[in-house]
Amino acid sequence: MPVKPNIITPSGHIRLINAADSGELANYYLRNRTHLSPWEPKRGSDFYQHQTMLNRILEAEGEFHADKQVKLGVFCQQSRYMIASIDFSQIVRGPLQACFVGYSIDAQHQGQGMMQEFMPPCLEYMFNQFNIHRVMATYTVANKRSAALLEQLGFEKEGYAKSYLNIAGVWEDHILTALINPSY
């Protein structure tokens, strides 16, 4: 079992989201509802409820212990205010040793380079603690910020997937990227 992450950066504390965070997670998604809507699936009003978030967290905790997901929250150092979410999901073992990463940042903190600060230690954690060989990320063709972030982090474009994910109620084309563990 990997060590639970406890990463401190100049702008945040990165750790597994736990049951005590359900209210803050609900607040994060609620206050960023408009900001995140162009990049996420359509969400019903029940998605933003405290109980829904608690259920998602409990499921993620089980997935962490089952070696299938790492759901991270980035919290302001001075408070429990959540400023970003980083989720490593669909962990596959065997000869692939890979996962997907998804992320979001609070609208008030976008454009400040914070994801460039938060992502490298999280990727290092996945490579070193989970022995992941390949981290994959996708982004919509229109998402220039994600394109720039992933390129800066060293993700390489590997393909173009037509009608890949249903985002905001529309089947969107996506760019497929991956980052290979530099230790391999």
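So here's what we get for this one:
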quantity	calculated
Neighbour net charge for T177 - beta-carbon separation under 12 angstrom, K R +1, D E -1	-1
Charge sum, other residues only, whose C-beta stays under 13 Å from F118's C-beta, Lys/Arg counted +1 and Asp/Glu -1	-3
Accessible area per residue in Å² at 1.4 Å probe, computed on segment 79-184	50
Calculated FRET efficiency for the pair K42/A161, C-beta based, R₀ 22 Å, to 0.05	0.65
Extended-chain gain in nm, criterion 0.36 nm per residue less alpha-carbon gap, K4 and S79	25.0 nm
Accessible carbon and sulfur surface of segment 62-184 relative to its total accessible area, %, 1.4 Å	52
3J(HN,Hα) from dihedral phi, segment 7-12, Karplus parametrisation 6.51/-1.76/1.60, rounded to Hz, x for glycine, proline	10, 10, 10, x, 10, x
Rough spin-label spacing in nm, given labels placed 7 Å along Cα→Cβ, for D67 and E117	3.5
For Y81, distant residues with modelled amide H under 5 Å away	C76
Protection-proxy order for peptides 40-46, 135-141, each taking the mean of Cβ atoms within 10 Å per residue, highest first	135-141, 40-46
Tensor-based shape of segment 100-184 (alpha-carbon gyration tensor, a/c under 1.5 rounded, otherwise prolate or oblate)	oblate
R0 of 22 Å, Cβ-Cβ distance D173-T34: FRET efficiency to nearest 0.05	0.45
Spatial separation of Cα centroids for segment 1-55 and segment 139-184, in angstrom	21
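The values are calculated or read from the model by the stated rules, or taken from the named source; none is laboratory data. Everything numeric here is computed off the predicted structure, so don't read it as measured data. Counting neighbours? That spans all protein chains shown, and the Cβs are built from the backbone with ideal geometry, glycine included. Just so you know, the surface numbers come from the protein's heavy atoms only, side chains and all, with ligands and any DNA or RNA stripped out. Shrake-Rupley method; radii C 1.70, N 1.55, O 1.52, S 1.80 Å.
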